[in-house]
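Undergrad: I have a structure I would like to understand better, so I am pasting it below and will then ask my questions one at a time.
Read the figures in this text as sums done on the coordinates, not as results from a lab. Just so you know, these numbers come straight off a predicted model, no measurement behind them. FYI the Cβ positions are ideal-geometry reconstructions off the backbone, even for glycines, and counts take in every protein chain you see.
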Amino acid sequence: MNATGPGPGEKTPFTATGDAIERPNAAPPSTNGLIRRGLVPAWRFTRHLLEMVVAMVAGMVVLGVALRMLGEPPGYTNPLVEYACMGAAMSAPMVAWMRYRGHAWSDGLEMTVAMLAPMFALVLPVELGVPVLSEHSLMVLSHAAMILGMVVLMVYRRDRYAHGAHAHRVARKDAA
């Protein structure tokens, strides 16, 4: 291509047709729609779950520091008390982050229940003396149950977690 335009037999990098500009190697519109409808919501869903896990880990770090500095609260050897403290330490930053990202308080409460209910479903039998889980396996399984509970809720409410809190806020305002 020379400075005045394409020479004989040369193609221009962009071909104008009507108002649209076609790019030679651009993905067809159907692929772009697939990406917009499939990959972007999947990424938002995954990102939300990862953000919740990071917030929960931050809460556990703060709890660990507090326990080292202040000592264990009374009754902490009781699994219900221990897991209640862990649940509160993980829920607070998770809900705070959800609020920061634009979710309603009810979404935070729902996520907290989805996280804590499966955990306590495992802790309660141990507390009642049913020797089904060791202390180590209870810790591992309860954390896996928390994340599984959150994923189940997020799949159930995928419109909120795959399309972002902004889409959820707009939908709520339109419904009102």
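Undergrad: Please give the per residue volume of the convex hull enclosing the alpha carbon atoms of segment 42-175, rounded to a whole number of Å³.
TA: Output value, Cα hull per residue: 112 Å³.
Undergrad: Can you tell me how much longer the chain between Leu63 and Tyr100 gets when fully stretched, taken as 0.36 nm per residue apart minus their C-alpha distance, in nm with one decimal?
TA: Separation in residues times 0.36 nm, less the Cα-Cα distance, equals 11.2 nm.
Undergrad: From the phi angles alone, apply the Karplus equation (6.51, -1.76, 1.60; θ = phi - 60°) to segment 87-101 and give each ³J(HN,Hα) in whole Hz, x where the residue is Gly or Pro.
TA: x, 5, 5, 7, 6, 4, x, 5, 5, 4, 5, 4, 5, 4, 7
Undergrad: If you don't mind, there's one more thing I want to ask. What net charge is computed for the residues neighbouring Gly64, neighbours being all others with C-beta under 14 Å from the C-beta of Gly64, Lys and Arg scored +1, Asp and Glu -1?
TA: Net charge in that neighbourhood comes out at -1.
Undergrad: Further, regarding this structure: Ranking Met139, Met98 by Cβ neighbours within 10 Å, fewest first, what do you get?
TA: Taking fewest neighbouring Cβ atoms as first place, the list is Met139, Met98.
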